[in-house]
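**Student:** Have a look at this one.
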Ligand code: ADP
């Protein structure tokens with residue numbers, strides 16, 4: 001019957017059936033009129049008229065009912081065709097009957113309308129039955145096609161990484177399964193202003209990737225769908241009132257279709273739309289089918305986005321590891337597979353394919369230098385069983401010495417079983433070499449320091465003897481010879497010089513002995529130390545009329561003799577570099593695990609540029625007229641405090657006074 005579809009659908013199936021119905025209703029009236037005219041009996045007229053009229057009304061009703069029936073519109077033409085066949089068959093039989101030799105109608109005005117009407121109604125019945133069956137078969141076939149299409153697209157989505165390919169395939173499958181002329185995937189731009197026809201089937205050549213559709217609700221089916229957050233079905237675009245058909249649909253004579261959203265409603269990616277040039281009804285299953293395909297697309301788009309993100313992160317990580325010269329690795333503990341990057345493979349001189357694809361941990365253990373192999377393995381074991389973290393250094397065996405540092409973190413499941421360990425590997429050979437060089441340098445420095453100390457000690461010790469001789473002979477000259485005034489004066493200078501030299505040599509001797517001759521550090525009560533110093537300096541204090549004020553002083557960890565020297569030097573200086581009636585404050589302040597002890601005076605102060613220098617050996621900040629000294633006292637204090645692991649510094653304003661402070665570790669017994 002396919003051959004009559006086109007002419008019938010051009011005229012319209014309903015129009016043909018309706019026209020046939022109207023014809024018989026008119027004929028029934030005409031037949032009644034003729035019946036009355038020829039004087040037939042009323043009952044006969046009634047019966048004949050009734051048969052023709054009822055047939056006519058049945059046909060009219062059929063034409064009216066057709067759009068509301070569940071028969072697919074595609075088969076409406078078939079029903080009209082069947083009516084015409086019924087009509088034609090009956091008419092043909094009547095003609096044959098009329099043409100036979102003894103034929104001829106006794107009453108053609110009764111037989112022809114009745115029989116052709118019944119033929120048409122019969123055709124209508126057969127047509128309806130046939131079309132219903134066809135509709136059902138078509139529906140079943142479509143369902144199967146749709147399921148097949150969804151299954152195929154789901155698989156295709158997993159296999160392809162080309163989104164456009166998937167979009168095209170989806171459009172093709174949807175159009176095929178629904179027997180539609182067009183299908184399209186619209187991509188909503190980031191500003192939500194326009195929808196681009198990204199892929200599709202059926203559309204005019206060259207518009208995919210070019211044509212756009214407005215995203216304003218009233219301007220297109222797609223935009224209306226986006227605004228309403230659910231699939232939109234259009235049966236006839238010509239009578240559509242919710243939105244106007246966009247140019248794209250109008251220029252392709254689209255009349256019906258389904259639009260569904262791709263992606264989440266609150267953040268849609270675009271629209272999947274299928275359209276046909278015929279007016280068409282779509283079932284709920286059809287809508288679900290299109291939505292299923294849209295969901296497959298949404299999943300694939302989301303996955304592609306995540307994969308893209310992952311690729312970007314990987315690229316960033318690669319750049320970071322390359323810039324930091326580190327490699328990364330993961331050890332699947334349960335499967336015992338270690339996978340690493342190319343850096344690791346290069347470092348371990350292993351095949352990069354094996355390392356990137358994964359190898360058992362033993363393959364990596366084999367690369368460790370035998371001296372460190374056991375220790376490294378037990379550190380890894382400890383990380384897994386106890387700490388959860390690994391940081392270890394070892395040499396690789398073979399070739400030039402390569403030191404590597406491995407850092408890792410263990411991942412456990414909910415029951416606390418180790419599942420994975422991942423971390424970094426770095427080539428620390430250079431650092432190790434530097435450390436070794438540094439260690440060697442420190443050792444050399446210590447040795448040279450020791451030699452210097454020995455030299456300073458020996459020199460100052462040995463110098464004492466000739467100096468003593470000079471002093472003794474100067475005294476002999478003084479006692480035995482009667483010198484004139486000038487001679488006496490010269491002798492005084494010589495004695496004074498020898499005396500200063502002796503003090504300097506003494507200072508130097510003390511200085512060189514700070515490290516070697518010091519006592520072990522022990523808890524020391526600074527109050528007692530200060531009392532001793534006060535006693536030692538009693539004469540100086542009295543002579544200078546000095547006052548020493550102290551706050552309670554703490555116990556510290558130190559060498560009592562050396563700390564006595566420190567206090568003595570600082571107090572002596574404080575008195576010496578003050579004008580009249582010196583006042584000195586000794587205070588202590590806690591600083592975490594340390595104490596800061598300060599000796600503050602109100603004396604002549606020190607120029608800022610000299611505040612660093614005065615801690616150096618023989619460096620004096622004032623002329624001899626302002627104070628007597630050798631310039632070794634503060635250097636000695638600094639050396640002692642450094643031996644105690646502390647620090648010493650000065651804060652001073654010329655003319656205002658100075659505060660010397662030193663930091664010492666608190667005594668552990670406090
Ligand atoms: P000196 O034997 O000359 O006192 P020090 O090493 O003890 O040697 O001191 C070095 C220099 O620091 C001194 O010459 C002096 O100029 C300066 N100085 C030290 N203590 C004070 C102070 N309390 N007030 C001002 N100047 C000081």
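**Student:** When residues of the stretch 561-599 are filtered for being in contact (Cβ under 8 Å) with a residue 60 or more places away in the chain, within 57 Å of the chain's Cα centre (by Cα) and either farther than 21 Å from residue 614 by Cβ or within 10 Å of the ligand (Cβ to nearest atom) (or both), how many remain?
**Tutor:** Residues in the stretch 561-599 being in contact (Cβ under 8 Å) with a residue 60 or more places away in the chain, within 57 Å of the chain's Cα centre (by Cα) and either farther than 21 Å from residue 614 by Cβ or within 10 Å of the ligand (Cβ to nearest atom) (or both): 7 in total.
**Student:** Restricting to the stretch 545-560, and then to whatever is more than 16 Å from the ligand (Cβ to nearest atom) and loosely packed, with under 15 Cβ neighbours inside 10 Å, can you tell me which residue is farthest from residue 586 (Cα to Cα)?
**Tutor:** Going through the qualifying residues, I end up with 545.
**Student:** Still on this structure, please answer the following. Within the stretch 615-630, how many residues turn out to be modelled with pLDDT under 90, under 59 Å from the mean Cα position of the chain (by Cα) and either within 8 Å of the ligand (Cβ to nearest atom) or buried (at least 20 other Cβ atoms within 10 Å of the Cβ) (or both)? It would help to see each step written out before you state the result.
**Tutor:** Of the stretch 615-630, the ones modelled with pLDDT under 90 are 617-630.
Add one more test, that the residue is under 59 Å from the mean Cα position of the chain (by Cα), and what stays is 617.
Adding the requirement that they be either within 8 Å of the ligand (Cβ to nearest atom) or buried (at least 20 other Cβ atoms within 10 Å of the Cβ) (or both) leaves none.
Summing the residues that are modelled with pLDDT under 90, under 59 Å from the mean Cα position of the chain (by Cα) and either within 8 Å of the ligand (Cβ to nearest atom) or buried (at least 20 other Cβ atoms within 10 Å of the Cβ) (or both) in the stretch 615-630 gives 0.
**Student:** Right, something else. Can you confirm whether the stretch 437-454 contains a residue that is closer than 30 Å to residue 320 by Cα and surrounded by 10 or more Cβ atoms within 10 Å (Cβ to Cβ)? Can you show your working first?
**Tutor:** From the stretch 437-454, those closer than 30 Å to residue 320 by Cα are 437-438; that's our starting set.
So of that shortlist, the ones also surrounded by 10 or more Cβ atoms within 10 Å (Cβ to Cβ) come out as 437-438.
Yes.
**Student:** Answer yes or no: is there a residue in the stretch 178-185 that is assigned to a helix (DSSP H, G or I) and in contact with a strand residue (DSSP E or B) (Cβ under 7 Å, 6 or more places away or on another chain).
**Tutor:** The answer is yes, given that some residue of the stretch 178-185 is assigned to a helix (DSSP H, G or I) and in contact with a strand residue (DSSP E or B) (Cβ under 7 Å, 6 or more places away or on another chain).
**Student:** Restricting the search to the stretch 340-360, which residues are buried (at least 17 other Cβ atoms within 10 Å of the Cβ), assigned to a helix (DSSP H, G or I) and touching a helix residue (DSSP H, G or I) at 6+ places or on another chain (Cβ under 8 Å)?
**Tutor:** 343, 344, 345, 355
A quick yes/no check of all residues on (1) without any contact (Cβ under 8 Å) to a residue 12 or more places away in the chain; (2) in a helix (DSSP H, G or I); (3) surrounded by 12 or more Cβ atoms within 10 Å (Cβ to Cβ):
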{"position": "271", "(1), (2), (3)": "no, no, yes"}
{"position": "275", "(1), (2), (3)": "no, no, yes"}
{"position": "287", "(1), (2), (3)": "no, yes, yes"}
{"position": "309", "(1), (2), (3)": "yes, yes, no"}
{"position": "320", "(1), (2), (3)": "yes, yes, no"}
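**Student:** Just to be sure, is residue 542 surrounded by fewer than 16 Cβ atoms within 10 Å (Cβ to Cβ), more than 16 Å from the ligand (Cβ to nearest atom) and without any contact (Cβ under 8 Å) to a residue 60 or more places away in the chain? Spell out how you get there, then give the answer.
**Tutor:** On the way: surrounded by fewer than 16 Cβ atoms within 10 Å (Cβ to Cβ): yes; more than 16 Å from the ligand (Cβ to nearest atom): yes; without any contact (Cβ under 8 Å) to a residue 60 or more places away in the chain: yes.
For residue 542, the condition - surrounded by fewer than 16 Cβ atoms within 10 Å (Cβ to Cβ), more than 16 Å from the ligand (Cβ to nearest atom) and without any contact (Cβ under 8 Å) to a residue 60 or more places away in the chain - is met.
For (1) in contact with a helix residue (DSSP H, G or I) (Cβ under 9 Å, 6 or more places away or on another chain); (2) on the phi > 0 side of the Ramachandran plot; (3) within 7 Å of the ligand (Cβ to nearest atom), each residue gets a yes or a no:
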{"site": "632", "(1), (2), (3)": "yes, no, yes"}
{"site": "642", "(1), (2), (3)": "no, no, no"}
{"site": "648", "(1), (2), (3)": "yes, no, no"}
{"site": "660", "(1), (2), (3)": "yes, no, yes"}
{"site": "664", "(1), (2), (3)": "yes, no, no"}
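**Student:** Being more than 7 Å from the ligand (Cβ to nearest atom), touching a residue at least 12 places away in the same chain (Cβ under 8 Å) and surrounded by fewer than 19 Cβ atoms within 10 Å (Cβ to Cβ) narrows it down to one residue among 602, 612; which is it?
**Tutor:** That would be 602, the only listed residue that is more than 7 Å from the ligand (Cβ to nearest atom), touching a residue at least 12 places away in the same chain (Cβ under 8 Å) and surrounded by fewer than 19 Cβ atoms within 10 Å (Cβ to Cβ).
**Student:** Given the structure, is residue 148 out of contact with any helix residue (DSSP H, G or I) (no Cβ under 6 Å at 6 or more places or on another chain), surrounded by fewer than 16 Cβ atoms within 10 Å (Cβ to Cβ) and outside any helix (DSSP H, G or I)?
**Tutor:** No.
The values are calculated or read from the model by the stated rules, or taken from the named source; none is laboratory data. As the structure is a computational prediction, the values presented were derived from the model and not from experiment. In this analysis, Cβ positions are derived from the backbone assuming ideal geometry, glycine residues included, and neighbour counts consider all displayed protein chains.
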